[in-house]
Amino acid sequence: MTSFNISTVGCQMNVSDSEKLSNSLVKMGFESQESYLDASIIVVNTCVVRQSAEDTTTGFLGKLRKIKSKSPEKIIIVMGCMVGPDSTSLKKRFSHVDLWARPQEFHPILDLLSVRFNKDMEGCLSDLAPISPKISAFVPIVHGCNKFCTFCIIPFRRGKETSRDLDEIYNEIDLMVDRGLKEVTLLGQNVDSYGHDLRDRLDLADLVEKIHEIKGLERIRFLTSHPNDMSRRIITLVADLPKVCENINLPIQAGDNTVLVDMRRGYTVNQYLRKIDFIKNKIPGISLTTDLIVGFPNETNDQFENSLSLLKEVQFDKVHVAAYSNRNGTYASRKLPDNIDRKIKKERLNLVDDLQKNIQKSLNSRMLSKKYQILVEGRKREMMHGRTRTDKIVYLNGNLNNQLDDSLIGKMLEVKITDYSSWSLTGEVLISKHNKFEEIAV
């Protein structure tokens, strides 16, 4: 059987796109191969949000050039955000690539493979739910972005915001639940913009309320939110609906007003903090995460210190921090000088990491000896692990590993936290009087 391998770089949206393509290829009669070295069809799903991601992809494509020269019958396909409206320069640089496909462009890939291998592609995109059971899944609900932040290439690569039909999303998740799904994460570059372009003028809250009705679905998450667009209604639903997890990602990007203006984020630090205060008051115990860029053009030491002050004030559970990376085609690349030395960017990155490590350790210490519900996800480093509703990773106590087998994957268990670090927790499973693991009824 002809085999394929998909290598994915980048965000959860790319992970979802890769899974959908994989499902389609399996339905066409191809076989998934774990190693790209052994595959007849090699697909690379790319990301260009940061230079590091682009460098990873170009380095990998260099390796594939050698493979293609030795085995010219292999098919190499590049998809995702590296592929812009004009791929002429990429085609010249990487002439060994057989096909370039923009984000969500599945049909050109399937057309090529159906002709090359005489496969029937009819209906292979009609059911995009995973064929094999999954515990959790990412489901895109809106593609593209209309914000055009000065640092971001996404609107130029994924296009304007386009919402999926509510019933289509509902049916996809419902089918996955029938196949074993327990948790869904609704995805969007700006997930709060969902529905604004639909005829019925729906919003994210309407979709969440509808999905909440699916029997057997136990957890709902969503990301990424924009501070200007996250409504009080969706915040209230996180507080009120039992399946919606107490975990919100709300990117700040910078803790200084001047930098926020240069980024075209559309809000001030005080406006952001007021929204954070509303969330914390409405949802006690909420887990908050954010995104932060350091070394943005013209960022002074004082402006960077303002970002550190904001992190100290809010006490985020996690911060996704990155040094500014100049992206060709963005407003910042055209109008703002990339004038912060690489060494200074690295120093600022390390300062944020060190601060956040201490904050996370302090927050996690408060969970010691308390009981939490976790969804068991799998085994890592010989230990079973799961996540709390607030998205904390919990490794299950090794003393019980003789009883912690893979049959627990997908179960809701109650655990007592016995140890902690900045990045994870350790807990023991609470056992009933019959020496059986207590699965929580949801």
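What follows is calculated from the coordinates using simple rules that are stated; it is not laboratory data. On a predicted model such as this, the values are computed, not experimentally measured, just so you know. FYI the Cβ positions are ideal-geometry reconstructions off the backbone, even for glycines, and counts take in every protein chain you see.
Just a few scattered comments:
- For the residue pairs Lys20/Lys134; Lys27/Lys63; Lys371/Lys392, the C-alpha atoms sit more than 18 angstrom apart in Lys27/Lys63.
- For Ile283, the shell of other residues with beta-carbons less than 10 Å away shows a net charge of 0, using +1 for Lys and Arg and -1 for Asp and Glu.
- Dipole orientation for the stretch 371-429: of the candidates Ser424, Gly410, Asn397, Ser424 has the Cα lying most toward the positive pole (charges on Cβ; Lys, Arg +1; Asp, Glu -1).
- Positive end of the dipole of the chain (Cβ unit charges, origin at the Cα centre): among His96, Met176, Asn339, the Cα lying farthest that way belongs to Asn339.
- About its Cα centre, the stretch 196-327 has a charge dipole of approximately 340 debye under the convention of +1 per Lys or Arg Cβ and -1 per Asp or Glu Cβ, with nothing else charged.
- Using only side-chain charges placed at the Cβ, +1 for Lys and Arg and -1 for Asp and Glu, the dipole size of the stretch 371-429 relative to its Cα centre rounds to 180 debye.
- From the coordinates shown, volume of the Cα convex hull per residue in Å³ corresponds to which of [x] 162; [y] 187; [z] 143: [x]
- Protection-proxy order for peptides 81-94, 171-184, each taking the mean of Cβ atoms within 10 Å per residue, highest first: 171-184, 81-94
- Within the same chain, aspartates and glutamates fewer than 8 places from Lys275 are excluded, and of the rest, those with a Cα less than 13 Å from its Cα are Asp229.
- Peptide packing: for 404-410, 327-333, the average count of neighbouring Cβ atoms within 10 Å per residue gives the ranking 327-333, 404-410, highest mean first.
- Dipole magnitude (debye, nearest 20) for the chain, charges at Cβ of Lys, Arg, Asp, Glu: 980
- Sorting the segments 150-163, 232-245 by their mean number of nearby beta carbons within 10 angstrom, highest to lowest, gives 150-163, 232-245.
- Shape call, the stretch 3-116: gyration tensor on alpha carbons, a/c limit 1.5: rounded
- Each of Ser307, Ser325, Leu349 was scored by the projection of its Cα onto the charge dipole of the stretch 277-367, and the greatest displacement toward the positive side belongs to Ser325; charges sit on the C-beta of Lys, Arg, Asp and Glu.
- For the chain, the Cys residues with no second cysteine's beta carbon closer than 4.7 Å are Cys11, Cys47, Cys81, Cys124, Cys145, Cys245.
- In terms of other Cβ atoms within 10 Å, Trp100, Trp423 run from fewest to most in the order Trp423, Trp100.
- Listed by chain and number, the lysines placed with their C-alpha closer than 24 angstrom to that of Lys346 are Lys312, Lys318, Lys335, Lys357, Lys361; residues fewer than eight positions away on the same chain are left out.
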